[in-house]
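Trainee: The following block contains the structure, expressed as structure tokens.
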There are 2 protein chains.
Amino acid sequence: MNAKTAAKLSIPMQMREDCSIKKSMDIIGDRWSVLILREMFLGTNRFADFQRNLGIAKNILSARLQKLEEHRIIEKRPINAETSWNEYLPTEAGEDLLTVLCALIQWGDRWLQDDKAPPMLVVDRQSRKPIDGLMVTRKKRPLKREDIRFWPSARYKTFEQQEAEQYL
Amino acid sequence: MNAKTAAKLSIPMQMREDCSIKKSMDIIGDRWSVLILREMFLGTNRFADFQRNLGIAKNILSARLQKLEEHRIIEKRPINAETSWNEYLPTEAGEDLLTVLCALIQWGDRWLQDDKAPPMLVVDRQSRKPIDGLMVTRKKRPLKREDIRFWPSARYKTFEQQEAEQYL
DNA sequence: CAAATTGGTTTTTATTTGAAACCAATTATT
DNA sequence: AATAATTGGTTTCAAATAAAAACCAATTTG
């Protein structure tokens, strides 16, 4: 067995299905979901405001909000007892997506803004001063590509794979 | 002017266009791009391997690779001098998307895996031990929703906005 | 040398998106 | 109090996009 064959064996196809990136993309991997969440973090909560602020078609917005609700990323709840109107709020899982949005902001600020200042700042809620040192860290050091690799978890251990590992 | 009016004034529509999340999503906001990048981080570099490992249609894969190349996230280069065949490699900007993928992994591991162990680990390249303490931090403390808010940068300062800020 | 694989493109079909019309409930204006 | 405007959608239809399949030339494997 050569190293190339070993590398192929070592990544189980099933892992590609189970993978959290894949599962996340099945939910938010479209043109609008992430922008809807950004809008929510900007303080938008009502249907018409999402529509106006994003320029999204109503039927698509409706479908996306439903999907996000089904997956418990947002919650739809009546604005008050009198009306039948609703507002949309992030659940705990939804709020936790802040990290993904921040990672996107940082990446985009670095690579897509043509040396211009970032258009949208992440600021401290109290002081409203920009948050510096915001990063994905690995034990207090920023994570670099060469530090890590992705690896199947123990649930995919097979004889062939264990055999293969010694070649890597 | 009440607080609600102020809040609407304070977010310039232009910022929503310039925003790095929006710009990022214009490039990688589809069902496949992020998965193609994940595949690349798993060690896949050739057309047929992407296709097999992802189950993506060839024409779509072709289109996505081209788009990613245009935006300098990946690079297409000949495998060797003799053949016309290519391999696809991440650029510096592409490798930098690791943070976004890691944020997605962490989020998905927390919210989409039904109390099961994560299917794909982020491990140290040398020791192959899982990396712990990997997170989006704010000065060494994990970032929480209630810590921050998004805020337009100075380039959108207008009279109305400055007026509005005092109400927030 | 023959067969299989790679790296695509082209054509056709199915799916998704978007625009517009429509409507009922609610709120604002005169 | 009546009218107009806004909100929160759904439905219908056209346009754009994605997927499947057929096809092909270059390259590699048996």
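The values are calculated or read from the model by the stated rules, or taken from the named source; none is laboratory data. Since the model is a prediction, treat every value here as computed from it, not as a measurement. For neighbour counting, all protein chains shown are included, and Cβ atoms are generated from backbone atoms with ideal geometry for every residue, glycine included. In case anyone asks, the SASA skips ligands and DNA or RNA and just uses the protein heavy atoms, side chains included. Shrake-Rupley method; radii C 1.70, N 1.55, O 1.52, S 1.80 Å.
Trainee: Consider A:Arg16 carefully, then state whether it is assigned to a helix (DSSP H, G or I), basic (Lys, Arg) and either open to solvent by less than 10 Å² (accessible area, probe 1.4 Å) or more than 13 Å from DNA strand D (Cβ to nearest atom) (or both).
Mentor: yes
Trainee: Just one of (1) open to solvent by 80 Å² or more (accessible area, probe 1.4 Å); (2) within 12 Å of DNA strand D (Cβ to nearest atom) trips up B:Asp30, so point out which.
Mentor: (1)
Trainee: Taking the stretch B:52-97 on its own, how many of its residues are within 11 Å of DNA strand C (Cβ to nearest atom), open to solvent by 50 Å² or more (accessible area, probe 1.4 Å), in a helix (DSSP H, G or I) and more than 13 Å from chain A (Cβ to nearest Cβ)?
Mentor: 5
Trainee: To continue, here is another question. Residues in the stretch A:106-118: is at least one more than 23 Å from B:Leu97 (Cα to Cα) and either in contact with a Ser or Thr (Cβ under 8 Å, 6 or more places away or on another chain) or within 12 Å of another protein chain (Cβ to nearest Cβ) (or both)?
Mentor: No, the conditions are met nowhere in the stretch A:106-118.
Trainee: Go through the stretch A:130-168 and count every residue that is at pLDDT 80 or above and in a strand (DSSP E or B).
Mentor: The total comes to 6.
Trainee: Please go through the stretch B:86-114 and pick out each residue that is touching a residue at least 12 places away in the same chain (Cβ under 8 Å) and more than 17 Å from B:Phe41 (Cβ to Cβ).
Mentor: Of everything in the stretch B:86-114, just one residue is touching a residue at least 12 places away in the same chain (Cβ under 8 Å) and more than 17 Å from B:Phe41 (Cβ to Cβ), namely B:Asn86.
Trainee: What about B:Ile21, is it touching a strand residue (DSSP E or B) at 6+ places or on another chain (Cβ under 8 Å), at pLDDT 95 or above and within 13 Å of another protein chain (Cβ to nearest Cβ)?
Mentor: For B:Ile21, the condition - touching a strand residue (DSSP E or B) at 6+ places or on another chain (Cβ under 8 Å), at pLDDT 95 or above and within 13 Å of another protein chain (Cβ to nearest Cβ) - is met.
Trainee: Scan the stretch A:10-27 and report the pairs whose first residue is in contact (Cβ under 8 Å) with a residue 24 or more places away in the chain and whose second residue is basic (Lys, Arg), with Cβ atoms within less than 8 Å and a gap of 6+ or a chain change.
Mentor: Correct list of pairs: A:Ile27/A:Lys67.
Trainee: Turning to a different aspect of this structure: Taking only the stretch A:98-124 into account, find how many residues are closer than 25 Å to B:Trp107 by Cβ and either in a loop (DSSP other than H, G, I, E, B) or aromatic (Phe, Trp, Tyr) (or both).
Mentor: Residues in the stretch A:98-124 being closer than 25 Å to B:Trp107 by Cβ and either in a loop (DSSP other than H, G, I, E, B) or aromatic (Phe, Trp, Tyr) (or both): 6 in total.
Trainee: With respect to the numbered conditions (1) at pLDDT below 90; (2) at the interface with chain B (Cβ under 7 Å from one of its Cβ atoms); (3) on the phi < 0 side of the Ramachandran plot; (4) not in a strand (DSSP E or B), which one is the sole condition not fulfilled by A:Ser127?
Mentor: The number of the failed condition is (2).
Trainee: A further question follows. Residue pairs, Cβ under 8 Å, 6 or more apart or interchain, first in the stretch A:140-168 and closer than 21 Å to B:Gln113 by Cβ, second in a helix (DSSP H, G or I) and at pLDDT below 75. List them.
Mentor: A:Pro152/A:Ser10; A:Pro152/A:Gln161; A:Gln161/A:Leu9; A:Gln161/A:Ser10
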